[in-house]
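The values are calculated or read from the model by the stated rules, or taken from the named source; none is laboratory data. Nothing here was measured: the structure is a model prediction, and the numbers come from that model. Glycine also receives a Cβ, built like all others from the backbone with ideal geometry; neighbour counts cover every protein chain displayed. These area figures cover heavy atoms from the full protein model, side chains too; ligands, DNA and RNA do not enter into them. Shrake-Rupley method; radii C 1.70, N 1.55, O 1.52, S 1.80 Å.
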Amino acid sequence: MIRNYLKTAIRNLRRNKAYALINVLGLTVGIAACLLIFLVIRFETSFDKFHAKRDAIYRVGSQFNSEDGAGHSAGIVFPAGPAIRIDFPQIKEVASIFGSTGNQVTVEAVGNEAPKKFTETIYFAEPEFFTMFDFGWITGDAKGALTEPGSAAITKSHAVKYFGNWKTAIGKTIMRNNNPEQVYKINAILEDPPVNTDFPLTIVISYASLKNTNTRRNLQDWVSTFSQHYTFVVLPASYSVDKFNKDLETFARKHKPAEYLKDKFIAHSLVSIHYDERFGNFRGHTFSRSLITALVLIGIFLVIIACVNFINLATAQAVNRSKEVGVRKVLGGNRRQLAFQFLSETGLITFAALFAAALVAWGVLPFLNKLLEVKMSFDLFQEPQVLLFLLATGIVVTFFSGLYPALVVSGFNPISALKNKFSPRIVGGISLRRVLVVLQFSIAHILIIGTLIVVSQMDYFKKATLGFDKASIINVPLPGDSVSKTKVDALRNQLLQNPDIKSTSFSFATPSADGNWQSDFKFDHSDKNTNWSANLKWADIDYFKTYGLQFVAGRSYNAADTVTEIVVNETFARKLGITDPEEIIGKQVDFWEGETVASIVGVVRDFNSYSLREPMAPVVLGTWKRVYQTIGIKIAAGKERSTLAFIENLWTKTFPDNVYEYKFLDETINNFYKQENQLSMLYKIFAG
């Protein structure tokens with residue numbers, strides 16, 4: 001019987017090639033897009049699920065409360081981890097890890113080769129981190145490799161990158177930032193972490209080694225919070241996260257200075273880290289659950305559109321098959337048999353579309369991986385989830401698309417069918433077909449409007465005025481060692497000898513940057529700190545010229561190595577209740593209980609110191625030579641290529657032991673919106 005159904009279905013489809021082709025193409029597009037969305041969602045929801053204790057692991061972050069609302073950081077003060085071990089004896093597992101970006105790593109020379117230099121992200125981790133998380137070890141273990149200061153472990157791929165063969169890496173040394181006090185011996189080799197983890201480990205150094213770095217001054221500091229310093233705990237089953245968060249309030253009151261008691265420590269689960277953009281993660285990539293919901297809806301909408309197309313075409317085609325139905329019923333065919341016959345035809349079309357959709361998705365996936373900078377896989381035979389998804393989609397689409405037309409056609413009166421008294425107006429119910437068309441166009445309009453909103457938002461990001469000049473400016477990281485810092489003035493003078501270099505500026509960060517320094521302060525001899533923080537931009541006097549910041553009152557601060565005078569922005573003055581910028585000139589600002597006291601000498605026009613997602617922030621600018629991390633170089637428009645070669649040559653001569661790297665400021669700012677760009681492209685593709 002089934003063989004007969006299939007044979008008849010194939011004959012009918014051959015007879016109506018155009019009808020079959022249109023339906024196959026329509027379903028192929030809808031199912032292919034739905035399959036790609038499924039692959040994206042499957043990948044984004046798989047992060048860090050391979051850890052056995054994942055449901056019990058929580059990260060303790062920070063919440064900063066001010067009059068502007070609550071701000072969040074994944075980081076926590078350095079002494080919190082040891083204190084949690086003491087104050088919470090019921091928590092048996094506590095582990096801290098600190099991520100440090102932009103490190104220069106010098107690899108021990110092999111034979112007559114010159115030492116190799118790389119720019120890397122380094123992680124300082126306690127041994128307990130690797131008993132909590134299930135990262136694999138090829139040789140050694142965390143207890144033996146990461147207990148003593150000066151010890152390190154690296155991943156297999158980095159061992160090959162540094163030494164050519166990972167088996168020869170054990171016992172070799174690496175040096176961080178050209179500092180002889182920061183030389184680390186490789187004691188173990190880690191397996192490369194999977195692509196679906198928010199811990200992209202490369203080089204892991206013992207946490208005990210922090211006492212020999214610049215961070216040592218913060219190891220007992222209960223105020224300064226580093227956003228890349230994470231502390232994790234494993235909560236026992238009898239200790240709920242709600243109870244833990246309440247106890248953390250008491251913990252904060254016990255250890256935090258009195259003026260910072262408005263801030264809190266807050267625990268959030270490991271399984272939420274990949275989706276919570278308030279806190280972020282080491283990978284710098286979050287994928288909110290609202291985005292997952294949006295993609296699921298788009299996938300459902302696309303399949304509905306394809307199914308509606310099928311239903312409308314099938315019901316319109318039904319009038320041409322009325323005589324066939326009449327003959328079958330006269331010869332004894334019942335409605336159930338006829339309905340099954342038409343469903344089998346729908347099934348053939350659907351599963352042909354499934355096959356074509358799988359081929360389309362397989363061909364498009366490399367482009368999607370490149371766009372999203374991920375490594376999604378697609379193998380029907382190795383990944384049963386994908387096969388089950390396709391089969392389930394095929395069954396749902398077959399019944400949703402084919403059931404109604406099958407019931408309509410199989411319900412024809414045989415006498416009327418043989419007399420050919422059916423018309424398109426009678427077949428399929430004109431009102432239902434209108435409803436389906438309205439539904440189809442409504443969905444299309446929703447997708448188009450949503451895409452236009454996303455595109456216009458990205459257009460705004462690209463064209464918005466930021467309040468500073470970002471064109472033709474490159475930023476080069478400065479070496480952190482004391483010897484290199486003595487060369488910066490000579491470097492500046494040599495750079496400015498090139499007529500195509502308009503200006504240079506040494507600073508802690510660019511006007512708009514990811515890495516920011518924030519602090520509250522006492523204003524105008526007040527006894528209390530402000531209940532909000534300012535963004536601190538330490539920079540030399542050429543910062544205003546290089547980045548085109550405009551003064552609305554006062555002047556620039558004088559050249560100095562330390563902070564004696566400061567410049568603020570308009571928002572800083574307004575948050576203090578001062579509407580006339582001239583009134584704030586001469587007022588004093590006290591940072592860190594008298595450690596730094598400076599007079600305000602100028603006010604600049606507001607500029608976006610964070611991304612455009614954030615409100616305008618209060619900003620303080622001042623000189624502090626010791627903390628400068630980057631040099632901004634303004635190049636004449638159209639002279640970038642030749643000038644870049646000149647800068648590289650001069651930089652290499654000045655700092656021969658350091659890696660030369662640069663980024664254009666406008667590209668750096670565009671990277672703030674990389675995820676929005678990627679999602680915008682996804683919406684365009686799927687709504688297309």
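Observations on the model:
- Segment residue 254-residue 221, extension gain: residue separation times 0.36 nm, minus the distance between their alpha carbons: 10.5 nm
- For the listed peptides 301-313, 86-98, a ranking on the average number of other beta carbons within 10 Å per residue, highest first, reads 301-313, 86-98.
- FRET efficiency, residue 605 to residue 437 (Cβ-Cβ, R0 56 Å, nearest 0.05): 0.55
- 18 Å cut-off, amide nitrogen to a point 7 angstrom out along residue 141 Cα→Cβ, residues in segment 151-184: 152-154
- Accessible-area value, residue 605, 1.4 Å probe, nucleic acids and ligands omitted, Å²: 110 Å²
- Overall form of segment 566-627 per C-alpha gyration tensor (a/c, 1.5; a/b vs b/c): oblate
- Between the helical axis of 384-410 and the longest alpha-carbon principal axis of the chain there is an angle of about 40 degrees.
- Segment 169-264: proportion of alpha-carbon pairs further apart than 15 angstrom, %: 75 percent
- Degrees, to the nearest 10: 430-463 long Cα axis against longest axis of the chain: 20 degrees
- Inter-label distance for residue 377 and residue 49, nm, one decimal - labels placed 7 Å from Cα along Cα-to-Cβ: 1.4 nm
- The orientation-averaged projected area of the convex hull spanned by the Cα atoms of segment 62-117 comes to 7.4 nm².
- Volume of the convex hull of segment 38-196 (Cα atoms only), normalised per residue: 181 Å³.
- Dipole in debye (nearest 20) - the chain, about Cα centre, beta carbon charges: Lys, Arg +1; Asp, Glu -1: 4160 debye
- Ranked by solvent-accessible area (1.4 Å probe, protein heavy atoms only, all chains present), the residues 263, 666 order from largest to smallest as 666, 263.
- For segment 512-612, the Cα gyration tensor yields ellipsoid semi-axes of 19, 16, 15 Å (square root of five times each eigenvalue, largest first, whole Å).
- Summary of packing: across the peptides 611-622, 514-525, the per-residue average of other C-beta atoms within 10 Å ranks them, highest first, as 611-622, 514-525.
- Peptides ranked, highest mean first, by Cβ atoms within 10 Å: ranges 583-594, 362-373, 140-151, 36-47: 36-47, 140-151, 583-594, 362-373
- All-pairs Cα distance distribution in segment 566-688, expressed in whole percent, bin size 5 Å: 2, 8, 11, 13, 13, 13, 14, 12, 9, 4, 2, 0
- Surface per residue (accessible, 1.4 Å probe) for the chain, Å²: 47 Å²
- Lysines with Cα under 29 Å of residue 161, excluding same-chain neighbours fewer than 8 positions away: 49, 116, 117, 143, 172, 185, 211, 370, 375, 653, 663, 674
- Near residue 590, once Lys and Arg are set to +1 and Asp and Glu to -1 for all other residues with Cβ below 13 Å from its Cβ, the sum equals -3.
- Counted charge near residue 372, where neighbours are those whose Cβ lies closer than 12 Å (Asp, Glu -1; Lys, Arg +1): +1
- The length gained by stretching the chain between residue 388 and residue 531 to full extension, at 0.36 nm per residue less their Cα-Cα distance, is 46.0 nm.
- Label-to-label distance, nm, for residues given as residue 160 and residue 293 (7 Å Cα→Cβ offset): 4.3 nm
- Here segment 64-127 exposes an accessible surface that is 53 percent carbon and sulfur, computed with a 1.4 Å probe and the other protein chains kept in place.
- For segment 643-664, the residues whose backbone nitrogen is under 15 Å from a point 7 Å from the Cα of residue 500, taken along Cα to Cβ, are 643-651.
- Segment 114-208 - Rg (one decimal) and Dmax (whole number), Cα, Å: 12.4, 39
- Principal-axis tilt of helix 674-687 within the chain, Cα atoms, nearest 10 degrees: 10 degrees
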